[in-house]
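The structure under discussion appears below in the form of structure tokens.
The values are calculated or read from the model by the stated rules, or taken from the named source; none is laboratory data. All values derive from a computational prediction rather than experimental measurement. Glycine also receives a Cβ, built like all others from the backbone with ideal geometry; neighbour counts cover every protein chain displayed.
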Amino acid sequence: MKQGDYPQALEAVIHLLGRLPGIGRRTAERLALAMMEWPEDRLQDLGRRLETLQQSVTACTCCGNLAEADLCRICSDSHRDRHLVCIVEDAAQIPVFERSRSYRGLYHVLGGRLLPLEGKGPEQLRIRELEDRLQTGDITEIIIATGSDVEGEATASYLREILRRENLTVSRIAFGVPVGADLSYADPATIAMAINTRRTP
Ligand SMILES: [Zn+2]
């Protein structure tokens, strides 16, 4: 079938699914056709969940992780080490760290990386929120886990500079293995090693 040959309602779903990362036209078609086979109640369930998704999931007021309440599951867990904070670029990287089971501290989501050419400076990242957290005096160690590419390294250098203060150890996650720019794709063992061999510059 040629592109656009499906009934309009189905074409619309294919078009929307195709906007997702990594989903080409063919895959979008397959997904949409598979959904056509679903029982009606499942489709309605999906529709309702999509409709309320953005209201149901918000950003944690403390760390910026995805949350269902004011605080995310990690910030409200009393067993976590509150002296240790790991800075990640995006909330999507937190489950990767969690799966490695080698980290028991808290997180801080930056909301991206420094991209001066695209107008993304420190003000666009959650740096002020990080400063606020440091004011409480609970945090004694910070691990910077931004990506290992040029922008990730530049962001890490900037953070190292502004986090220079007494009674605060700042370390950088170790990239011995080719983790690549995006930590989201690293496997648990790699992440565990990267955390355990972190270095203080
Ligand atoms: Zn949180």
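Take Glu118 and tell me if it is within 24 Å of Leu159 (Cα to Cα), over 13 Å from the mean Cα position of the chain (by Cα) and either within 13 Å of the ligand (Cβ to nearest atom) or of a type outside the set (S, T, N, Q) (or both).
Yes, satisfied.
Would you confirm, using the coordinates I've provided, whether Gly147 is in contact (Cβ under 8 Å) with a residue 12 or more places away in the chain and touching a Ser or Thr at 6+ places or on another chain (Cβ under 7 Å)?
Answer is no for this residue.
Any residue in the range 79-108 that is without any contact (Cβ under 8 Å) to a residue 40 or more places away in the chain sitting within a Cβ distance under 6 Å of a residue that is away from the ligand (no atom under 12 Å from the Cβ) and assigned to a strand (DSSP E or B)? List the pairs, counting only those 6 or more apart or interchain.
Cβ pairs passing all conditions: Arg104/Asp81; Gly105/Asp81; Gly105/Leu84.
Test Tyr107 against the criterion of being part of a strand (DSSP E or B), aromatic (Phe, Trp, Tyr), within 23 Å of Glu129 (Cβ to Cβ) and within 16 Å of the ligand (Cβ to nearest atom), and give yes or no.
yes
In the range 79-91, what count of residues is obtained for those that are farther than 19 Å from Thr169 by Cα and either touching a Cys at 6+ places or on another chain (Cβ under 9 Å) or surrounded by fewer than 14 Cβ atoms within 10 Å (Cβ to Cβ) (or both)?
2
Got a number for residues in the range 92-115 being in contact with a His (Cβ under 8 Å, 6 or more places away or on another chain), surrounded by fewer than 15 Cβ atoms within 10 Å (Cβ to Cβ) and either within 25 Å of Ala154 (Cα to Cα) or of a type in the set (A, V, I, L, M) (or both)?
Number satisfying all stated conditions: 0.
So how many residues does the range 49-89 have that are farther than 20 Å from Thr136 by Cα, over 16 Å from the mean Cα position of the chain (by Cα) and within 11 Å of the ligand (Cβ to nearest atom)?
Looking only at that region, the number is 1.
For residues in the range 123-150 being assigned to a helix (DSSP H, G or I) and either touching a strand residue (DSSP E or B) at 6+ places or on another chain (Cβ under 6 Å) or modelled with pLDDT under 90 (or both), which is surrounded by the fewest Cβ atoms within 10 Å (Cβ to Cβ)?
Val150
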